[in-house]
1. Hull surface divided by four, with the convex hull built on the Cα atoms of segment 129-236: how many nm²?
2. Quick one: accessible surface of Asp153, probe radius 1.4 Å, all protein chains present, in square angstrom to the nearest 10.
3. With a point put 7 Å past each Cα toward its Cβ, work out how far Ala277 is from Gln298 in nm, to one decimal.
4. Looking at the square roots a ≥ b ≥ c of the eigenvalues of the Cα gyration tensor of segment 2-126, which shape do they give, rounded for a/c under 1.5, prolate if a/b is larger than b/c, or oblate?
5. Between the DSSP loop rule and a limit of at most 15 other Cβ atoms within 10 Å, which trypsin sites (Lys or Arg not before Pro) in segment 87-155 are left?
6. Obtain the nm distance between the two label points defined at Gln26 and Asp4 by a simple spin-label model: each point lies 7 Å from its Cα along the Cα-to-C-beta direction.
7. Can you give the accessible area of Arg9, probe radius 1.4 Å, in Å² rounded to 10?
8. Would you mind telling me the share, in percent, of accessible area of segment 307-393 contributed by carbon and sulfur at probe 1.4 angstrom?
Amino acid sequence: MFSDIQLPRDIYASEEHQMVRETIRQYIKKEILPNRERWEEQGYCDDSAWTSAGELGLLNLSLSEEYGGGGLDFSFSALLIEEAAILGLVAPAISMHSDIVAVYIEQYGSELLKQKYLPDMALGKKIGSLAMTEPGTGSDVQAIKTTAVDKGDHWLLNGSKTFITIGYTSTFAIVACKTRPGTDQEGLSLLIVDANLPGFTKGKPFKKLGLKESDTCELFFEDVQVPKDHIIGEEGMGFIYMMQELPRERMTIAIQSIGVAQGAIDDTIDYVTDRVAFRTPIAGFQNTQFKLAELATQLSVYQAYVDKCVKLLATHELTAEAASMAKLGATELESQVVDECLQLHGGYGYIWEYAIARRYANARVTRIYGGTNEIMKLMISRKLLSRYTAEAKAKRKRRREQKVS
Ligand SMILES: Cc1cc2nc3c(=O)[nH]c(=O)nc-3n(C[C@H](O)[C@H](O)[C@H](O)COP(=O)(O)OP(=O)(O)OC[C@H]3O[C@@H](n4cnc5c(N)ncnc54)[C@H](O)[C@@H]3O)c2cc1C
């Protein structure tokens, strides 16, 4: 197994970490696996998956105890994400709820919003989604068209969002919108919009290639009156908040990808030691041995990098570029690992009841969401070439000034 050759990982070494690991294992065994096929059919998981996670203390792990959170550092969330990925958990999307949506509220929200949402989120009674992407724009966040006009005592919200994780089952969404439409500075802001507000409707969960038990859907807003105090932080600061939080979101994806890759290697070791061809277990072929050795080596290297980033995120020292590199590298590796591992399963790898088939389908999206891997490359190269870009900009400015004089 991969764990037999892993280096010691001090970030997850404490007894408390082991307790969290054991709790998530038991939770998946008892609450998730018996229901998974039914949830895949219906396209979403039952609310009870959230409340039981809440009862076990698995939600909002790294939020403060004052608001019902676990009061732990980010390494505990990271452990939960990784262990869940190793075991193939897809829904409920705990990380979106706890490590992204709840964090926006705790970091930037008013006391009123923290009190109203966070304790119930920790119990799984309120479920939150994050709605940025629109039918017309994904990568270019600044181009969003959803508007919220100041009407004195409320914001009048109009527009639509798409591809929203847990959009269908969430009880509220954080919605990115323009609060000064038609002006030079259109003011990107974040509003909390409760799902029961008149004018807020949802599409059916999309039928997807993978992540079938986790709902993804469209959200529609038609003259929705959002209470004035449901804005997160300051009006017009939404883009800054999103840029500050994206590294955390990218790390959750990188950690998950590392976990999926580990799970895929372990599944494959089990399979190849069992399956016989030409009167020899598949594990006896040099191709199998070399493939697994290569994949395990690459995974070990990426795991060390991701572990380092987790530590830096826990102490608020992680740069946006390092998070982008973690997301880019880990998700590309994940895709390669699930593909090569599926190949080692032969035809059974293509059959849904085999874990590797699910992993293969689920993994494809990690190179797309949370910012596509092309956008990650843009961010990394921008920093790498910052001196060149600054010099080129200065040159262009000088040329313009010479032309004018
Ligand atoms: C299952 C799933 C869950 C999701 N969950 C959420 C969610 O919870 N909340 C949310 O807000 N969104 C969510 N998304 C949306 C996701 O974040 C977007 O799909 C993603 O950001 C890409 O945007 P897009 O689909 O509009 O693609 P586009 O932006 O249209 O990109 C299309 C292609 O062009 C490339 N491209 C775009 N710009 C550039 C550039 N400047 N240079 C080079 N290449 C470029 C992209 O890399 C991509 O290959 C989810 C998507 C999926 C599939």
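1. Numbers: hull surface 27.1 nm².
Approximately 6.8 nm², given one-decimal rounding.
2. Spelled out: Asp153, probe radius 1.4 Å, area about 110 Å².
3. Distance between label points: 2.0 nm.
4. Numbers: a/c = 2.15, a/b = 1.15, b/c = 1.86.
Cα axes put segment 2-126 in the oblate bin.
5. On the way: sites: Lys114, Lys116, Lys125, Lys126, Lys145, Lys151; in loops: Lys125, Lys126, Lys145, Lys151.
Of the trypsin sites (Lys or Arg not before Pro), the ones in loops of segment 87-155 whose Cβ has at most 15 other Cβ atoms within 10 Å are Lys125, Lys145, Lys151.
6. Label-label distance for Gln26 and Asp4, simple model: 2.9 nm.
7. 40
8. Numbers: 2750 of 4690 Å².
That share works out to 59 percent.
The values are calculated or read from the model by the stated rules, or taken from the named source; none is laboratory data. For clarity, every value in this text was computed on a predicted model and none was experimentally measured. With ideal geometry, Cβ positions are generated from the backbone for all residues, glycine too; neighbour counts draw on all protein chains shown. These accessible areas exclude ligands, DNA and RNA; they are computed on the full protein's heavy atoms, side chains included. Shrake-Rupley method; radii C 1.70, N 1.55, O 1.52, S 1.80 Å.
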